[in-house]
Structure formats: C-alpha cells, structure tokens
Amino acid sequence: MLPNRLAAIWQPSTYGSVTKRYLFLGKIIEIRLRVGGPATLVLLEAASAIDAIRTVAQPLPGHPKGAIHVCHLARHPLFACLGHPMPQPLTPTDLPYLRRCLALAAEALQAGDEPFGSILVDAQGQVLAEARNQVNALNALAHPELALAQWAATHLPPAARAATTLYTSGEHCPMCAAAHGWVGLGKIVYLSSAEQLTQWLQELGAPPSPVQMVPIQTVVSGVEVAGPADGELLQAIKNLQVTYHTTTPSG
C-alpha cells in the first residue's frame with residue numbers, strides 16, 4: 001500500500017550522489033540517488049518498513065536485506081507524491097455531490113458497466129454536467145471523468161473550467177487525470193482512492209488494471225484534491241465494485 005504521507009526531513013548532497021531521508025510509517029528511510037546512473041538504491045534503517053516497500057519494488061540481488069532497487073525513482077508511485085500536496089479531508093458540502101456520484105455508479109453497474117460516476121460543479125455549486133462509466137456499452141475509454149473533461153473543453157471558457165470542482169466515485173486513472181490537467185479543470189473530490197480500489201481488486205482476485213494507478217497529484221501538478229470518504233459511503237462504493245467484479249464475466 002502507498003504511504004499516507006512522506007515527509008522530507010533531511011537533504012544533504014555530496015559529489016556524485018544525492019542522499020535524502022524521509023519519514024515513512026514512523027520510520028526513517030534513507031534514499032541515495034546515484035547521479036547519472038540508471039538505478040537508485042533505497043536503504044532502510046528500519047527493517048519493519050521493508051514489507052511495505054516490497055509491495056511496489058523488488059529487492060536488488062546481491063545487496064543487503066535493506067537495499068531495494070527502484071528504477072526511475074521520480075516516476076515510481078511510492079515516491080512520486082513527494083513535493084505534492086496531500087489530499088484534503090472531505091467537508092459536509094461534498095457529501096451530497098458524492099452521493100450523486102454513487103447513484104451514477106449504481107446506474108452504470110445496472111447497465112452492465114463498471115461502477116463509476118462523476119459530476120462537474122461550478123463555483124456556485126450548480127451541477128453543470130454528469131457522466132457515468134460506459135466502457136462496456138461504448139469502449140474502454142468511456143470513463144466519466146474523461147467525458148466531463150471533454151464536455152468542459154467544448155462548453156466552458158478557461159476561467160470557468162478552473163473554477164469547477166469535479167466530484168467522482170473513484171480517484172482518476174492516469175488517462176482521466178491527464179485530461180483533467182490538459183483541459184484546466186479545478187479541484188477533484190473523490191469517494192474512493194485508486195489505492196483502495198487496487199486493494200479491493202487484489203482481495204477479490206480480479207485482474208489488475210492495465211495501467212499503473214498512481215495518485216492524481218503525480219499526473220496533474222498543483223491540483224487541489226480531497227478524499228477519500230469513510231463509513232457508509234465508502235462501503236457503498238466498495239460494495240458496487242465487489243458486485244461488478246464478482247458477477248460480470250468481463251469484470
């Protein structure tokens with residue numbers, strides 16, 4: 001699982017390498033970047049953190065137990081969120097919009113599509129457009145977040161796009177996040193995170209996503225993000241995902 005927070009606490013640099021230390025799950029991680037080299041060694045001071053790292057990285061043969069080989073560290077999902085704002089907590093104002101996203105996700109499931117739904121809201125709180133997943137009805141690109149980005153590109157001027165909030169039942173995939181950024185939409189509020197969905201699919205033994213799921217902030221620089229929910233709302237969207245992936249032959 002990805003960490004809830006990585007906080008840089010020390011960053012000296014030496015000739016030929018850069019060393020950084022981060023606070024990870026209450027432990028200190030020392031990362032040594034070899035300047036000009038194709039690989040990076042991640043050295044852990046605490047062995048208890050190794051299992052968490054191994055979920056997204058493989059040990060480097062021939063190196064100590066605490067050494068893990070990570071190629072292209074800057075693009076790696078474990079560390080890509082460094083320097084980006086963390087998701088904000090939800091507010092009571094968000095909940096009615098997220099419930100509507102949940103309803104759209106349920107409509108998608110009933111129609112035989114993946115249970116995702118999204119709405120685009122303007123600065124005054126008015127719903128501008130809605131969309132639900134249609135990957136089985138149309139094609140694999142028929143994600144609601146992408147549909148709303150396309151709608152906004154056609155119907156809204158840049159300033160109005162930037163003032164919007166996109167509410168969605170699940171955190172954007174990289175395709176939808178990129179569309180969001182290119183169109184210049186505003187804040188994103190999601191009901192469940194990509195990390196949570198990935199975990200649910202693993203628990204079900206469902207096929208993994210064909211693309212690497214990463215936090216939105218690693219795709220769209222500076223975007224304001226809030227989520228995920230908890231309690232009944234989170235359980236409701238999980239139930240829809242479980243239903244889809246246990247009853248749909250293509251799921």
Check your understanding: VAL189: net charge of surrounding residues, Cβ under 11 Å, Lys/Arg +1, Asp/Glu -1, itself excluded?
Key -> -2
**Study point:** Amide H within-cut-off set for GLU224, under 5 Å, with H built and near neighbours excluded
**Key:** ILE188
Point to revise | Karplus 3J(HN,Hα) series, Hz, for the stretch 143-154 with 6.51 cos²θ - 1.76 cosθ + 1.60 (x for Gly, Pro) | key: 8, x, 5, 5, 4, 6, 5, 5, 4, 5, 4, 8
Revision key, fill the gap. Once Lys and Arg are counted +1 and Asp and Glu -1 for all other residues with Cβ under 12 Å from that of ALA131, the total becomes -2
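Provide the FRET efficiency to the nearest 0.05 for the ALA137-ASP230 pair, computing r from the beta carbons and using R0 = 25 Å.
Details: r = 31 Å, r/R0 = 1.24.
Computed FRET efficiency for ALA137 and ASP230 comes out at 0.20.
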Study note, to complete from the structure: the stretch 103-128 scanned against label point 7 Å out from ASN239 along Cα→C-beta; backbone N under 20 Å for 103-118
**Study point:** By average C-beta atoms within 10 angstrom, highest first, the peptides 132-141, 170-179, 210-219
**Key:** 170-179, 210-219, 132-141
Revision key, fill the gap. Ranking SER221, SER169 from most to least accessible area with a 1.4 Å probe gives SER221, SER169
Revision key, fill the gap. The base-10 log of I(q)/I(0) that the Debye equation returns for the stretch 129-214 at q = 0.17, 0.26 Å⁻¹, one scatterer per C-alpha, is -0.72, -1.39
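The values are calculated or read from the model by the stated rules, or taken from the named source; none is laboratory data. As the structure is a computational prediction, the values presented were derived from the model and not from experiment. Positions of Cβ are generated from backbone atoms using ideal geometry, with glycine treated the same way; all protein chains shown enter the neighbour counts. Note: accessible area is taken over every heavy atom of the protein model, side chains too, but ligands, DNA and RNA are not part of it. Shrake-Rupley method; radii C 1.70, N 1.55, O 1.52, S 1.80 Å.
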